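Student: Let me begin by handing over the structure; questions about it come next.
The values are calculated or read from the model by the stated rules, or taken from the named source; none is laboratory data. Predicted model only: the values in this text are computed from it and were never measured. Here the Cβ positions follow ideal geometry from the backbone for every residue, glycine too, while neighbour counts run over all protein chains shown.
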Amino acid sequence: MTENQTTSWIFLATAIASRTGPADFNSISNIADGINHAIPSHKELQTSLAWLTHTGLVTKRGSNYCLTDKGKEDYEMASRETSTLFKIWDNIETLLKKYRS
């Protein structure tokens, strides 16, 4: 996967894992596995969450993570007019490109 695909995968997993409250690495990893049938490496989680935090889409609370208001807005935008995880993931990947330019 490309860096943007991995980051968008972890963003989607974080969004789902933190719906009811901040989520830890294990919860995010388990959701990511359910989305992609692959367990993200520790490095993929760390790198993606660090970038998402730096970009202001995710916030860290103690050792847990959740979406910021900006992250929630992007997640909602990516989820509009679709209910399939792969399309939401694809939409998130497209949205995250604007932060990389």
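Student: Answer yes if at least one residue in region 22-31 is touching a Leu at 6+ places or on another chain (Cβ under 7 Å) and among the hydrophobic types (A, V, I, L, M, F, W, C), and no otherwise.
Tutor: Taking every residue of region 22-31 in turn, at least one turns out to be touching a Leu at 6+ places or on another chain (Cβ under 7 Å) and among the hydrophobic types (A, V, I, L, M, F, W, C).
Student: Given the criterion more than 13 Å from the chain's Cα centre (by Cα) and farther than 14 Å from I16 by Cβ, identify the matching residue among T59, T68, T82.
Tutor: When all the criteria are applied, what remains is T82.
Student: Shifting gears a bit: Quick check on region 5-30: of everything there that is under 10 Å from the mean Cα position of the chain (by Cα) and of a type in the set (V, I, T), which residue is nearest to L96 (Cα to Cα)?
Tutor: Taking the candidates together, the pick is T7.
Student: Note down all Cβ pairs under 7 Å where the first residue falls in region 1-16 and is under 9 Å from S48 (Cβ atoms), the second is assigned to a helix (DSSP H, G or I) and at pLDDT below 95, and they're at least six residues apart or on different chains.
Tutor: W9/N36
Student: Looking at this structure, is T14 of a type in the set (S, T, N, Q) and in contact with a Cys (Cβ under 9 Å, 6 or more places away or on another chain)?
Tutor: Details: of a type in the set (S, T, N, Q): yes; in contact with a Cys (Cβ under 9 Å, 6 or more places away or on another chain): yes.
Judged against the criteria, T14 is a match.
Student: Scan region 66-89 and give yes if some residue there is closer than 16 Å to M1 by Cβ and either without any contact (Cβ under 8 Å) to a residue 60 or more places away in the chain or in contact with a Gly (Cβ under 7 Å, 6 or more places away or on another chain) (or both), otherwise no.
Tutor: yes
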